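S.K.: Structure provided below as structure tokens; questions to follow.
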Amino acid sequence: MISLTVNNKILKLDIEPQMPLLYALRDELKLTGTKFGCGAGQCGACTVHLDGQAIRSCITPISVVADKNITTIEGLGGSDDHKIQIAWKEFKVPQCGYCQSGQMMSAAALLKHNSDPTEQQIESFMQGNICRCGTYKRIKKAIQSAAKK
């Protein structure tokens, strides 16, 4: 039995310790906002927060996150939208939308640790999140806008 906290809820899961966190979130907890992308931690679609740090859930075994706080896109804003989610809507960032939960989780982690990032810092931090639709300019504008709020 593995104990973890997801979106401020304490949970216990009877699963194999090597199961990737992504599978536990999507298959066991039905939190499907976090997406499977490459399965190798390269594209960022599966990004969640582990104790406030952005991590790739597809390559993180559930045993590593035991007794730690995990935040998914479903828990990012709590009961209200997070300023990143508001900016995403304002700048109409999503196109196909598949990578967007991972993009927003990375952006939120960036702003948590750097509330006023430069354009270059945004580009550098967000490099690990791939958007096949190429919405990078809107992503950057949304992050800059959210940083000002």
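The values are calculated or read from the model by the stated rules, or taken from the named source; none is laboratory data. Here the structure is a predicted model, which means the values were calculated and not measured. Cβ atoms come from the backbone with ideal geometry, glycine included; neighbour counts cover every protein chain shown. Side chains are part of the model used for accessible areas, which takes the heavy atoms of the whole protein and leaves out ligands, DNA and RNA. Shrake-Rupley method; radii C 1.70, N 1.55, O 1.52, S 1.80 Å.
S.K.: Here is a list: 38, 58, 43. Which entry is more than 25 Å from residue 79 (Cα to Cα), part of a loop (DSSP other than H, G, I, E, B) and open to solvent by less than 20 Å² (accessible area, probe 1.4 Å)?
M.R.: Result: 58 is the single residue among 38, 58, 43 that is more than 25 Å from residue 79 (Cα to Cα), part of a loop (DSSP other than H, G, I, E, B) and open to solvent by less than 20 Å² (accessible area, probe 1.4 Å).
S.K.: Looking at region 101-145, which of its residues are assigned to a helix (DSSP H, G or I), open to solvent by less than 10 Å² (accessible area, probe 1.4 Å) and closer than 16 Å to residue 37 by Cα?
M.R.: 102, 103, 105, 106
S.K.: List, please: which pairs have Cβ atoms under 7 Å, are six or more places apart or on different chains, and start with a residue in region 123-148 that is of a type in the set (Lys, Arg) and end with one that is not in a helix (DSSP H, G or I)?
M.R.: 138/91; 138/92; 138/93; 141/91
S.K.: Checking residue 97 against (1) within 22 Å of residue 21 (Cα to Cα); (2) modelled with pLDDT of 95 or more: exactly one of these is not met. Which one?
M.R.: (2)
S.K.: Identify the residue in region 7-34 that is more than 19 Å from the chain's Cα centre (by Cα) and not β-branched (Val, Ile, Thr) and, among all such residues, is surrounded by the fewest Cβ atoms within 10 Å (Cβ to Cβ).
M.R.: The selected residue is 14.
S.K.: A further question on this structure: Mind listing just one residue for me: the one in region 85-100 that is within 21 Å of residue 37 (Cα to Cα) and assigned to a helix (DSSP H, G or I) and, of those, most open to solvent (accessible area, probe 1.4 Å)?
M.R.: 85
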